[in-house]
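Contents: one structure, followed by commentary.
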Amino acid sequence: MYRVLYHKLVLSEDFKKVSKVDQRKIVSTIKKKLANDPESFGKPLVSDLKGYFRLRIGFYRVIYSVSKKEVTVMVVKIGLRKDLKAYLEAAKRLGL
């Protein structure tokens, strides 16, 4: 079982833009899917975010990395699926 960690800005910025109902749904789905088998549920990203994955949860996109060595999943960004802003902000947070 993987331990799920969150980037500090996910909790302080990203969740402020999400309703409480959607927050519960996102956290529940992350616990169910990413804590058990993060690579099979997510789709790998390419280009600057190669090595990271994305997971669709309703209208939202979760961008995360997997460390098999440390058995952890790091959620980097949660954002709306309708635009590329989530990917750009994830890359910025990672210094890419």
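Miscellaneous remarks
- Residues that are at pLDDT below 95 and among the hydrophobic types (A, V, I, L, M, F, W, C) were ranked within segment 60-90; the one that is nearest to LYS8 (Cα to Cα) is ALA90.
- Taken over segment 17-40, the criterion of being out of contact with any helix residue (DSSP H, G or I) (no Cβ under 8 Å at 6 or more places or on another chain), aliphatic (A, V, I, L, M) and within 16 Å of THR72 (Cα to Cα) is satisfied by VAL27, ILE30, ALA35.
- Of the residues making up segment 64-84, those that are among the hydrophobic types (A, V, I, L, M, F, W, C), under 19 Å from SER28 (Cβ atoms) and either touching an Asp or Glu at 6+ places or on another chain (Cβ under 6 Å) or not in a strand (DSSP E or B) (or both) number 1.
- Restricting segment 39-53 to residues that are touching a residue at least 12 places away in the same chain (Cβ under 8 Å) and part of a helix (DSSP H, G or I), the residue that is surrounded by the most Cβ atoms within 10 Å (Cβ to Cβ): LEU49
- Test: residue in segment 5-28 that is in contact with an Asp or Glu (Cβ under 8 Å, 6 or more places away or on another chain), under 23 Å from GLY95 (Cα atoms) and surrounded by 11 or more Cβ atoms within 10 Å (Cβ to Cβ): no
- Taken together, ARG56, ARG61 contain a single residue that is among the basic types (Lys, Arg), surrounded by fewer than 20 Cβ atoms within 10 Å (Cβ to Cβ), in contact (Cβ under 8 Å) with a residue 24 or more places away in the chain and not in a helix (DSSP H, G or I), which is ARG56.
- The set of residues from segment 3-16 being in contact (Cβ under 8 Å) with a residue 24 or more places away in the chain and either over 11 Å from VAL76 (Cβ atoms) or of a type in the set (Gly, Ala, Ser) (or both) comprises ARG3, VAL4, PHE15.
- Residue satisfying all of: in segment 29-38; within 15 Å of ILE63 (Cβ to Cβ) and in contact with a Phe, Trp or Tyr (Cβ under 7 Å, 6 or more places away or on another chain); surrounded by the fewest Cβ atoms within 10 Å (Cβ to Cβ) among these: LYS33
- Selection of segment 27-66 for residues being aliphatic (A, V, I, L, M) and farther than 13 Å from ALA86 by Cβ yields VAL27, ILE30, LEU34, ALA35, VAL46, VAL66.
The values are calculated or read from the model by the stated rules, or taken from the named source; none is laboratory data. Predicted model only: the values in this text are computed from it and were never measured. In this analysis, Cβ positions are derived from the backbone assuming ideal geometry, glycine residues included, and neighbour counts consider all displayed protein chains.
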